[in-house]
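These notes are about the structure you will find just below.
The values are calculated or read from the model by the stated rules, or taken from the named source; none is laboratory data. Everything numeric here is computed off the predicted structure, so don't read it as measured data. Only protein heavy atoms, including side chains, enter the accessible area calculation; ligands, DNA and RNA are left aside. Shrake-Rupley method; radii C 1.70, N 1.55, O 1.52, S 1.80 Å.
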Amino acid sequence: MNYLKATDLLPDDLLKEVQQYIQGELIYIPSRPSERRRWGESSGAALYYLIRNEEIRARFSKRVSIDELSEQYGLSVDRIKKIVYSKK
């Protein structure tokens, strides 16, 4: 994370207002909720797991056993059950 100087970034009147609450400390300002990304969107992990889970469901519907799916995907039997019996 890069740090920015408030004196370079904020207008003087806003800087004085912020200084009434905090001075000489680090402060984290989060992104607006509308601009935040959901988990895995940036890295592609969410898409990877979505595709993997759909593949598991499709193979289960073709009568591949839960134990076989567990071994093939390196997941626990309980995790495979959660995937195949979920409503997604």
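Observations
- A straight Cα-to-Cα reach below 27 Å connects Lys82 with the lysines Lys62, residues fewer than 8 places away in its own chain not being considered.
- Chain lengthening between Ile22 and Lys81 when straightened (0.36 nm per residue, less Cα-Cα): 16.2 nm
- Phi angles across segment 13-21 convert, under the Karplus curve 6.51 cos²θ - 1.76 cosθ + 1.60 with θ = phi - 60°, into 3J(HN,Hα) values of 5, 6, 4, 4, 5, 5, 5, 5, 9 Hz, Gly and Pro given as x.
- Apportionment of accessible area to carbon and sulfur, the chain, percent (1.4 Å): 51
- Relative frequency of Cα-Cα separations exceeding 16 Å in the chain, percent: 69
- Potential lengthening between Arg37 and Val64 on full extension [0.36 nm per residue; Cα-Cα distance subtracted]: 6.2 nm
- Using the 1.4 Å probe convention, the accessible area of segment 3-88 works out to 92 Å² per residue with neighbouring protein chains retained.
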